[in-house]
Amino acid sequence: MSKTILLIEDNPDDELLTLRTLKRSNIANEVIVARDGAEALEYLFGEGVRVRPELVLLDLKLPRIDGLEVLRRLRADRRTHLLPVVILTSSREQQDIVDGYDLGANSYIRKPVDFDQFSEAVRQLGLYWLVLNEVP
Amino acid sequence: MAVAYAVLAGALFLTGVAWYYVSQNARTQEQSRFDEAAQRTLQAVDRRMNTYVDAMFGTRGLFAASRSVERGEFRAYVRSLDLRRRYPGIQALGYARRVPAGGLEAHVESVREEGYEGYEVRPGGRGESFPLVYVEPEDAANRSMFLGRNMYAAGVHRAAMDRARDVNLPRASGKVAPGGPAGGPGFMIYLPVYRNGAPVSTVPERREALQGYVVAVFRARELLEDIFIQQGDPSVDFKVYDGAEFGEEYLLYDRGSTAGADGTGPAPLFSQTSTLQVGGRLWILRFSTLPGFGTSPQENLPRLVLYSGLALSLVLFGLTAMLARSRTQAERARSELEEANRELESFSYTVSHDLRAPLRSINGFSSILQEDYAGRLDEEGRDYLRRVSAASQNMGRLIDALLDFSRLRNRKLRTERVDLSGIARSIADELARRRPERRVEFAIQPGVTARGDPDLLRVALENLLGNAFKFTGKQERARIEFGVEDAGGAPIYFVRDNGPGFDMAYADKLFGAFQRLHKTDEFEGTGIGLATVRRIVERHGGEIRGVGAVGRGAAFYFTLDLDREKPSRRKQRFPRWFRRSGS
């Protein structure tokens with residue numbers, strides 16, 4: 001399968017742990033990492049030919065442009081308004097969850113502290129969104 | 001404070017309106033009192049003058065009844081009238097006889113023959129004269145003043161006499177000074193007497209038939225004072241002017257001068273001018289209030305209304321200002337509290353997000369170490385890694401519990417009737433399912449309900465039942481009870497176990513956050529469960545107590561009373577027996 005994931009994550013530890021899990025579970029053959037919201041938007045809407053991701057894993061607390069703002073812009077653009085976006089964050093604030101779904105997030109996952117649970121969560125969501133889920 | 005000033009302005013306005021209305025009302029009442037007094041006096045003057053004129057007509061009747069009226073007859077008649085008593089103000093009643101030109105000497109002679117030796121006509125003259133031949137009561141003063149006096153010589157009298165003769169009616173002179181011991185201004189009234197049987201329907205006939213006049217001499221002060229004493233209001237000044245003009249020379253009577261007013265005082269409150277026909281002359285009666293007028297209660301009422309209204313306004317202003325200030329303080333306190341809550345929320349968010357991230361790294365990389373490098377470590381090293389991993393997981397749970405605990409304070413309660421038995425049953429089932437190897441007997445009383453927030457009450461029961469489950473872990477035959485006791489109306493819910501219990505000496509430490517009565521390696525836990533339970537119970541207006549003894553199990557009793565969420569009287573809600581056993 002040729003599946004691409006865009007991981008928007010500013011914490012290098014989380015990036016490393018996520019990448020390891022995705023690699024181990026053999027779900028995606030390419031993971032593009034954006035370290036803040038601006039970088040992510042630049043990748044998606046910038047100049048030049050890019051590989052379009054099949055899934056966006058989005059952290060909320062990001063430098064420069066935060067996760068919810070990135071989501072708002074993705075949903076406002078015709079090219080990305082159907083792109084599956086999974087919020088993957090430390091926050092369990094009710095307000096963040098409601099705002100995330102309001103703006104059109106497809107899923108909201110809270111990163112568990114326990115690495116086994118974290119790995120399992122990432123594996124399952126990758127499997128679900130990249131393999132099971134059908135997109136237009 | 002704006003509200004307070006608005007209240008002040010409104011109250012002052014109302015006071016002003018009330019004062020204006022009451023004072024207008026009082027003024028109207030005073031006005032009508034004054035008008036009434038003036039009207040009464042006016043009518044009394046008019047009535048009395050008519051009475052006096054009637055007396056004059058009676059006197060004229062005497063002349064009509066006899067051929068010639070002798071002095072003795074006149075005297076007897078006037079005496080019968082009893083002037084001093086019945087007609088006060090008439091100084092003298094007399095008769096002026098017509099003496100044709102040239103007849104003066106014969107006239108003087110005839111009077112002298114009656115015994116009036118020194119009788120003279122004053123002033124004498126060549127023309128027609130009307131000397132007063134009869135004057136009654138004929139005391140020394142009246143005799144010297146009026147007997148023989150030719151009134152016709154003075155213009156002020158002549159005009160009245162001519163007019164009376166021509167119209168056959170009583171006519172008054174203008175203001176004169178009759179003199180005499182009493183002094184003061186006065187006037188005279190003349191009533192013509194015609195020859196008996198002569199025609200008097202035309203002016204020439206009247207002039208021809210004229211024989212003399214009945215003359216009444218009035219002294220204004222005696223006349224009007226008497227009326228005023230009977231009819232007047234002592235606080236109303238009363239002036240009578242003869243003729244159509246004001247002025248000292250026309251002033252017949254001034255009540256104020258006798259009452260001591262000198263006219264330099266404040267302007268009168270009310271005044272009124274009326275006119276009256278007296279003997280064909282126009283009199284002006286001027287009434288005005290004296291400073292003494294209007295000391296009646298009605299007059300004081302406006303002032304009373306004004307002062308009490310002002311006082312009330314100030315009191316209202318003070319009260320409103322105090323209320324406004326305390327409300328401002330309350331609002332400030334509330335906004336400070338809201339600010340504190342917002343800070344707490346943002347703090348919670350930071351904790352939730354930023355404290356967990358490094359934990360995840362610690363846990364994640366120690367797991368990876370165990371996975372990828374386990375072969376290069378000995379058993380001790382692997383044990384250390386497991387401890388790092390477990391500690392980070394524990395801290396993650398702790399953070400979550402702490403966050404939940406702090407959110408309890410701000411959470412809005414969703415109130416409904418909650419099936420506590422059902423919740424307890426599902427929790428028990430879940431606990432038993434999680435640890436299938438344990439043998440625990442749950443005794444859950446059916447049908448226990450309470451009003452409250454179902455989610456929060458579930459959290460509370462989860463903690464209480466979870467604690468009981470946890471602490472009975474070493475019992476052969478664990479027994480956990482949930483139910484309710486009815487203590488005089490207020491239900492007391494309880495969760496009891498037969499675990500190791502606790503020392504009542506530490507009972508007050510049970511519900512503090514991170515307070516533990518057992519060592520960590522004995523029973524795991526975050527140390528925040530009972531603090532959470534207590535906060536939930538208190539949010540429901542209730543109270544919770546723990547009762548236990550070492551080795552004899554623990555029991556937690558709590559009340560739920562949403563209607564009495566205020567913490568006052570909380571201590572009394574537990575019955576006496578419970579409080580004794582719990583202390």
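Side notes on the structure shown:
- Within the stretch B:407-451, the set of residues being within 21 Å of B:Arg534 (Cα to Cα), in a helix (DSSP H, G or I) and aliphatic (A, V, I, L, M) comprises B:Leu408, B:Leu420, B:Ile423, B:Ala424, B:Ile427, B:Ala428.
- Test: residue in the stretch B:540-562 that is at pLDDT below 80 and among the hydrophobic types (A, V, I, L, M, F, W, C): yes
- Scanning the stretch B:41-66 for residues that are out of contact with any helix residue (DSSP H, G or I) (no Cβ under 7 Å at 6 or more places or on another chain) and basic (Lys, Arg) turns up B:Arg47, B:Arg60.
- Hits in the stretch A:78-93 (condition: more than 12 Å from the chain's Cα centre (by Cα), closer than 21 Å to A:Glu39 by Cα and within 12 Å of another protein chain (Cβ to nearest Cβ)): A:Ser90
- Only listed residue being touching a residue at least 60 places away in the same chain (Cβ under 8 Å) and either within 14 Å of chain B (Cβ to nearest Cβ) or surrounded by 13 or more Cβ atoms within 10 Å (Cβ to Cβ) (or both), chosen from A:Arg50, A:Arg110, A:Arg123, A:Arg75: A:Arg123
Yes/no per residue for (1) touching a His at 6+ places or on another chain (Cβ under 9 Å); (2) buried (at least 19 other Cβ atoms within 10 Å of the Cβ); (3) of a type outside the set (Val, Ile, Thr); (4) without any contact (Cβ under 8 Å) to a residue 24 or more places away in the chain:
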{"position": "B:Phe442", "(1), (2), (3), (4)": "no, yes, yes, no"}
{"position": "B:Pro446", "(1), (2), (3), (4)": "no, no, yes, no"}
{"position": "B:Asp453", "(1), (2), (3), (4)": "yes, yes, yes, no"}
{"position": "B:Asn467", "(1), (2), (3), (4)": "no, yes, yes, no"}
{"position": "B:Ile480", "(1), (2), (3), (4)": "no, yes, no, no"}
{"position": "B:Asp486", "(1), (2), (3), (4)": "no, no, yes, yes"}
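- All told, B:Arg479 meets the bar of being of a type in the set (Lys, Arg) and over 60 Å from the mean Cα position of the chain (by Cα).
- Being of a type outside the set (Val, Ile, Thr), over 22 Å from B:Arg48 (Cα atoms) and at pLDDT below 80 is not true of B:Gly232.
- When restricted to residues that are under 32 Å from the mean Cα position of the chain (by Cα) and polar (S, T, N, Q), the stretch B:303-346 contains 6.
- Helices (runs of 4 or more DSSP H) fully within the stretch A:1-92 that include at least 3 residues being under 18 Å from A:Leu130 (Cβ atoms): A:12-24.
- Within the stretch B:384-413, residues that are of a type in the set (Gly, Ala, Ser) sit with their Cβ atoms under 7 Å from residues that are in a helix (DSSP H, G or I) and at pLDDT 85 or above, at 6+ positions apart or across chains, in these pairs: B:Ser389/B:Asn363; B:Ser389/B:Ser366; B:Ser389/B:Ser367; B:Ser392/B:Leu359; B:Ser392/B:Ile362; B:Ser392/B:Asn363; B:Gly396/B:Leu359.
- Filter pass, B:Arg84 being out of contact with any strand residue (DSSP E or B) (no Cβ under 7 Å at 6 or more places or on another chain), without any contact (Cβ under 8 Å) to a residue 60 or more places away in the chain and in the same structural domain as B:Val176 (by TED's automatic domain parsing): yes
- Qualifying position, being surrounded by 14 or more Cβ atoms within 10 Å (Cβ to Cβ) and of a type outside the set (Val, Ile, Thr), among B:Ala505, B:Ala490: B:Ala490
- Candidates B:Ala507, B:Ala513: the one that is in contact with a strand residue (DSSP E or B) (Cβ under 8 Å, 6 or more places away or on another chain), at pLDDT below 85 and under 28 Å from B:Arg407 (Cα atoms) is B:Ala507.
- B:Gly102 free of Cβ contacts under 8 Å to residues at least 40 places away in the same chain, out of contact with any His (no Cβ under 6 Å at 6 or more places or on another chain) and not in a helix (DSSP H, G or I): yes
- Scan the stretch B:105-162 for residues that are hydrophobic (A, V, I, L, M, F, W, C) and at positive phi and the total you get is 0.
- Residue count, the stretch A:94-104 (criterion: surrounded by 18 or more Cβ atoms within 10 Å (Cβ to Cβ) and either in contact with a Lys or Arg (Cβ under 7 Å, 6 or more places away or on another chain) or within 9 Å of chain B (Cβ to nearest Cβ) (or both)): 2
- Extreme residue, farthest from the other protein chains (Cβ to nearest Cβ), among residues of the stretch B:352-402 that are of a type in the set (A, V, I, L, M), part of a helix (DSSP H, G or I) and over 17 Å from A:Asp114 (Cα atoms): B:Ala374
The values are calculated or read from the model by the stated rules, or taken from the named source; none is laboratory data. Here the structure is a predicted model, which means the values were calculated and not measured. All Cβ positions, even for glycine, are placed from backbone atoms using ideal geometry, and neighbour counts span all protein chains on display.
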